[in-house]
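Note sheet for the following structure.
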Amino acid sequence: MFDNFSFLPMDEDVEVLPILTDEDDDADFAKSGPKEIPLLPLRNTVIFPGVVIPITVGRDRSLRAVEAAYSSNKLIGVIGQKDADIEEPNREDLYRVGVIAKVIKLIKMPDGSSTVIIQGKSRISIAEIVSKEPYFKAVITYLKDEPHEDSQEFSAMITTIRELATEIIKLSPNIPSEANIVLKNITKPVFLSHFIASNLNIEISDKQDLLEMDDVGDRVKKILNHLEREIQMLELKHKIQSKVRGDIEKQQRDYFLHQQMKTIQEELGGDPQNQEIERLRERAQDMKWSKDIAKVFHREIEKLERTNPAAADYSVQLNYLELLLDLPWGLYTDDNFDLKRAKKVLDQDHYGLDKIKDRIIEYLAVLKLKGDLKSPILCFVGPPGVGKTSLGKSIARALDRKHVRMSLGGLHDESEIRGHRKTYIGALPGRIIQSLKKSKSSNPVFILDEIDKVGSDFRGDPASALLEVLDPEQNHAFYDNYLELEYDLSKVMFIATANTLSSIHPALVDRMEVIQLDGYSVEEKVEIAKKHLIPKQRKAHGLKAGDLKFQPKSLIQLIEDYTRESGVRELDRVLAAIMRNIAKSVAMDEEYSKNISEEKLNEVFGPAKYDKSIYSEQNPPGVAVGLAYTRVGGDILFIESSLSKGKGDLTLTGNLGDVMKESATTALSYLKAHGENYGIDPDAFKKLNTHVHVPEGAVPKDGPSAGVTLLTALASVYTQRKVKPKLAMTGEITLRGRVLPVGGIKEKILAAKRAGMKEIIMCQANEKDLNKINKEYIKGLKFHFVQAMDEVIDIALEKRMIADPLDIEFLAELK
């Protein structure tokens, strides 16, 4: 509104800007005015009564109409043109309502054009166009404004219009301050509405709508709406301009201050940015990197020089350059291939595991002879606490290499391996590159701990990213997304650890050489406790060698009654508890027995935590003891079965997996097919329901190795012959009654011995697995090697039958 408020003449083809005239009372103009007048079509503007407008006339027909009016009564009809692009308009191209105006002055300009100053007088409506040549001439009808009521509402609207117009003048820097004086001098509401309407910054069609309104009150309301919308736009524009101006001023201020600071620093002895860049260049001179890496470094440092230190990218660029300098490009430690020393180090750190140590020594021997690491990556697989991670540390110590451990447990994001791209906020290199930076060596022993615990989700699959890391044919050019360069990992000795292979990506297993670490026997745990755990815990608790002494029997009791594990972590914790108890007595100068006896164990830990007698008790028919292999080692598995009146249904409970359920179904089908061989009445399978339950229902159970145990339990309940006490078994069965071999034999045998079992039934094909176990550790165990289920039932079941399975009443009394 009021933009470029001036008295300069305007071309008829552009929007004209109204100026103020005297507030003449033209109420009686309609009575004395002519009925037929020339017409002046206007483009891009609408004139209102009482307003003076200078117009530059360009079209010939318009110029003839102005000259005709000026030479006669000086009155002319001014009508708006609907489409400004039409050069020669017709009747239908003109609006119906316009204004009759007085030609105040006609001025011939030096360039040949004419400028006319006209003053709006009264609103008119075109009744008829009487001629088009030499100019438009029309019969007109005069329009009168409907009188308004001098109500409070109308007065309030007029006051509001005046205030809003004043506010707009203040917010618009292009409007001169004299416009306020003009507003104050307008006293008549109708003329005020005309003046404001002519100055509104709105579309021509909207102005035409205002001109055509007869009701002054409605016109004032419409103007008020336009003013409010315009002031909102101006306030928003002012707010944006203020913010932009403030940002620019801040940037200019910051730039000025930085330039001042730079000048002061130069006077004091140098620019910190230049000093930092010079320090990076000096470090780069000592780096043993390739030409390609050097080229990237120089390109990035030149980019750093061009970056303003206050910019956010400066720190990102600086961190990247420092990473390039911190990485051990071409730095390798010298390997110690003294294999006798390596064997001695392994023996010092670990007891037993002779075959594992021999395999490691063989591996080191190949490295010594071959000189590179193109051989498969090692993967130690075994239950928790058997020394997988510590073996990796021992290998690093034996080779005199740096040791790096990276835990993969719970890793879900592929970027943890490959790194994030530098464009992301807070981007970091992958943990492979970070670990090499920390080790300051390009050939450390790199432990990938818990590789079986790697997960995958929408953020990527870390296991797939590890395929490149663990492939000797690819890892010489490992690409990190943050580094954006290839890094040679071929000299790194990767050792992975896992509890089970079942959850590891098959392609990943194919790239590794798996070395199985089995659990420890009681005898091995006793030696480990004597040579490693007791001295370690004694030192950790500040005790001397003479402060306590373990009796051999008490150490065995501690292992058997208070721990049940394949490794020695729980044993280490219970030894620490004893040490704390002794340390308290020593610190308080209390009298105590230095010999750790069975009584001392009861005092510290209370009654035995694990009772082996439950495995040796005489169980009723239908209960058999199986052997299981879990990711935490071997374990004992009870399988219970019972009969009830019914229609031959089979119910399985105990959180069983699909494979185990199928084994139970197979066992029952075999028993139905061969029941008469064992003296089972065929009607028993039709009249009795069978329920098989495996205790500890909260623990998921699956696998085929419980097949023989399931069949034995079912055969026991249907023949009512008890299973021999202290007998355990393992093996897969077929529908033909064959017994197939299973895995985890050593772990299962050690679990059976821990539980006090005396006899074990297993497949004939598993006999070879006993050669991997020290004969001393399985002393006292009797093994039955079988090939068919007939042999299992003959060995496992007692000969005496308690009752007829169909005698349900007797069974109820027995229970």
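Values in this text are rule-based calculations from the coordinates and carry no lab data. Because the structure is a prediction, the values reported are computed rather than measured. Cβ atoms come from the backbone with ideal geometry, glycine included; neighbour counts cover every protein chain shown.
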Where the Cα atoms of segment 114-210 are projected onto their three principal axes, how long is each span, largest first, in whole Å?
48, 38, 24
List the residues whose amide H sits under 5 Å from the amide H of residue 40, counting only those 5 or more places along or on another chain, with H placed 1.01 Å from N in the peptide plane.
77, 78, 79
Quick one: angle between helix 745-754 and the longest Cα principal axis of the chain, in degrees between 0 and 90, rounded to 10, please.
70 degrees
What is the Cα coordinate range of the chain on the first, second and third principal axes, sorted by size from largest, in whole angstrom?
141, 87, 60
By average Cβ neighbour count within 10 Å, what is the ranking of 90-102, 37-49, 701-713 from highest down?
701-713, 37-49, 90-102
May I ask you to order 686-695, 242-251 by the average number of other C-beta atoms within 10 Å around their residues, highest value first?
686-695, 242-251
Among 605, 307, 259, the residue whose Cα sits farthest towards the positive end of the charge dipole of the chain, when +1 is placed on the Cβ of each Lys and Arg and -1 on the Cβ of each Asp and Glu, is 605
What dipole magnitude, in Debye to the nearest 20, does the chain give about its Cα centre under +1 on Lys/Arg Cβ and -1 on Asp/Glu Cβ?
4380 debye
If the limit is 20 Å between Cα atoms, which of 753/799; 74/105; 544/609 go over it?
753/799; 544/609
Dipole of the chain, positive end: most advanced residue of 552, 516, 675 [Cβ charges, Cα centre]:
552
Give me the three principal axis extents of segment 27-90 from the C-alpha atoms, as integers in angstrom, largest value leading.
36, 23, 23
Using alpha carbon centroids, what distance separates segment 66-127 and segment 569-601, in Å?
115 Å
Within segment 475-514, GluC sites (Glu not before Pro) in DSSP loop having at most 14 other beta-carbon neighbours inside 10 Å
484
Given pairs 102/170; 344/530; 355/782 and cut-off 22 Å on Cα-Cα distance, the over-length ones are 102/170; 355/782
Among the aspartates and glutamates, which fall within straight-line cross-link reach of residue 303, defined as a Cα-Cα distance under 12 Å, with same-chain neighbours fewer than 8 residues apart omitted?
313
Given 10 Å bins starting at zero, what is the percent of C-alpha pairs of segment 333-395 in each, up to the one with the largest pair distance?
19, 55, 25, 2
If one computes the Cα centroid of segment 421-488 and of segment 152-195, what distance in Å separates the two points?
72 Å
Mind computing the radius of gyration and Dmax over the alpha-carbon atoms of segment 350-477? Å is fine for both.
15.9, 52
Could you run the Karplus curve 6.51 cos²θ - 1.76 cosθ + 1.60 with θ = phi - 60° over segment 248-261 and give me ³J(HN,Hα) per residue in whole Hz, x for Gly and Pro?
5, 4, 5, 4, 5, 5, 4, 4, 4, 5, 5, 5, 5, 4
From the cross-link list 553/722; 553/584; 645/748; 357/758; 393/453, which pairs have alpha carbons spaced over 26 Å apart?
553/722; 645/748; 357/758
